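Just so it is clear, none of the values below were taken in a lab; they were calculated from the coordinates. From a predicted model like this one, the values you see are computed outputs, not experimental measurements. Because the Cβ atoms are built from the backbone with ideal geometry, glycine has one as well, and the counts that use them run over all protein chains shown.
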Amino acid sequence: MKTIIEPFRIKSVEPIYFNTKEQRTEILQNACYNPFLIHANEVLIDLLTDSGTSAMSSNQWAGIMQGDESYAGSSSFFRFEKTIQELTGMPLVIPTHQGRAAEKILFSILGGKGKYFVSNTLFDTTRANIEYSGAEGVDLVCEEGKHPSIPAPFKGNMDVLALKKFIAEKGAANIPLCIITVTNNSGGGQPVSMQNIREVKAVCKANQIPLFIDACRFAENAYFIKLREEGYADRSVPDIVHELFSYAEGCTMSAKKDAFANIGGFLAMRDEALAQQCRNLLIMTEGFPTYGGLAGRDLEAIAIGLTEVMDEHYLQYRIRSIEYISNKLIAAGVPVMQPAGGHAIYIDAKAFLPHIPVEQYPGQALVGALYVHGGIRGVEIGSLMFGKYDEQHKLVPAKLELVRLAIPRRVYTQSHIDYVSEVIIEVFEERKKIKGLIITEEAPMLRHFTAKLKPIE
Ligand code: F0G
């Protein structure tokens with residue numbers, strides 16, 4: 001088999017600013033060991049997120065010029081609406097400025113004290129919006145999804161038995177929604193199988209619980225279904241996407257992922273009464289329902305991106321490029337989540353740094369080491385992000401201590417990726433020198449964005 005090439009040519013480039021290890025040591029210290037506080041031009045390869053960091057296509061840029069900026073009834077909205085209706089089969093489409101704005105609206109309406117939202121795994125902003133409403137978020141990922149080093153084709157699946165048990169325990173009336181996140185970002189970017197979605201849907205239907213999809217990475221998930229699930233090899237990606245959405249009553253979407261847009265999101269659903277409530281809130285917080293916090297040009301870029309992302313040459317390259325770096329790391333003995341996910345490499349920081357206890361945030365320590373050694377910026381998905389405190393202010397750690405290196409879409413080439421794996425392998429060889437961290441300052445919610453830390457000497 002020949003090399004799978006990037007299915008695009010590059011027309012416009014951005015410089016990378018180089019700095020030295022000594023400079024980065026100082027930069028990290030000034031940023032209080034939090035990568036979110038580092039300036040982007042001090043990063044060589046920025047793998048903090050795949051969100052809003054895509055390179056748009058020349059077609060999307062052309063769409064930007066065609067944006068209709070009318071306050072009400074913009075033609076760009078109708079193009080956006082039609083694209084999403086065709087993609088999801090859902091008739092009611094509500095634009096928002098990003099994914100969490102869609103979540104905020106949805107959970108403000110459906111949430112509240114005494115309610116439970118069940119999921120394979122809720123993303124951090126989704127969970128925060130649920131908890132802010134007074135409700136509880138419950139993650140019920142399948143057993144395979146809890147073990148980073150054991151490969152399985154669909155580690156993002158929901159545990160259907162646990163779902164049934166949970167409903168029996170809490171009562172269906174207290175569960176306003178079940179949410180399946182595709183792919184399962186916080187659980188390693190792992191896909192969910194169509195069979196699992198079908199089974200979850202059956203349980204939800206029997207209990208009259210609506211099923212929503214957190215659809216940020218729907219195309220990547222659909223491509224995994226095509227590759228790995230029996231009966232889908234010959235189905236087209238749009239066809240698989242259609243089937244996936246057909247089981248859901250609605251979805252939230254961040255267009256900053258699988259729509260190649262730098263900003264944007266939406267809610268789509270089938271229930272007119274719920275949509276009306278959402279639109280009422282939207283007008284208060286985001287804007288009129290035909291723009292929802294976005295410019296007309298953004299709506300154009302999203303509509304075009306949603307079509308482009310289903311191109312199978314693109315998806316083959318995308319999924320393969322993540323697998324490529326993953327294979328290199330596995331060959332060098334670096335503990336990574338297996339198999340590779342759809343948008344990122346997840347390093348198992350607990351296994352990488354066994355000398356650092358979870359109370360000293362091994363994930364965050366590894367993030368710092370990768371930055372200092374090679375200027376690579378990643379993000380901790382572990383106890384800094386998801387840890388809680390018990391009544392004695394003792395850390396209740398997250399299930400996994402991961403470091404995510406998310407690959408922006410259509411941005412980096414194979415040599416960038418080769419460089420990244422070389423840096424990780426070098427850091428792995430010197431891992432015993434890495435020290436744990438303590439928190440010196442933190443916010444009560446979503447603390448990882450702003451927390452300040454320092455190394456334990
Ligand atoms: N759901 C999932 C699964 C996500 O990954 C994200 C964002 C959101 C919802 C919220 O969307 O950012 O547009 O408000 N994930 C980004 C990330 C931030 O880095 O994984 P948003």
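Computed values, structure above
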| read-out | value |
| --- | --- |
| Separation between Cα centres of the range 55-130 and the range 241-299, rounded to whole Å | 2 |
| Mean Kyte hydropathy of 0.5 or more with a Cα span along the axis of at least 27 Å, helices from DSSP in the chain | none |
| Bridge type composition, the range 58-308 - antiparallel percent by DSSP, nearest 5 | 45 |
| Percent of beta bridges antiparallel (DSSP, the chain, rounded to nearest 5) | 65 |
| Protection proxy ranking, peptides 394-406, 304-316, average beta carbon neighbours within 10 Å, highest first | 394-406, 304-316 |
| Under 23 Å from the Cα of residue 2 - lysines, other chains or at least 8 residues apart | 226, 328 |
| Links that overshoot a 23 Å alpha carbon limit, given the list 146/388; 21/394; 432/454; 394/452 | 21/394 |
| Per residue convex hull volume, Cα atoms of the chain, in Å³ | 143 |
| Counting all C-alpha pairs of the range 58-308, share separated by more than 26 Å (%) | 36 |
| The chain - mean residue ellipticity at 222 nm from DSSP helices (-39,500 (n - 2.57) per run, n ≥ 4, rounded to 500) | -12500 deg cm²/dmol |
| Per-peptide average of other Cβ atoms within 10 Å, ordering 368-376, 78-86 highest first | 368-376, 78-86 |
| Stretch gain in nm, segment residue 172-residue 419, where the contour uses 0.36 nm per residue and the Cα spacing is subtracted | 83.9 nm |
| Net charge of neighbours whose Cβ lies under 12 Å from the Cβ of residue 88, counting Lys and Arg as +1 and Asp and Glu as -1 | -2 |
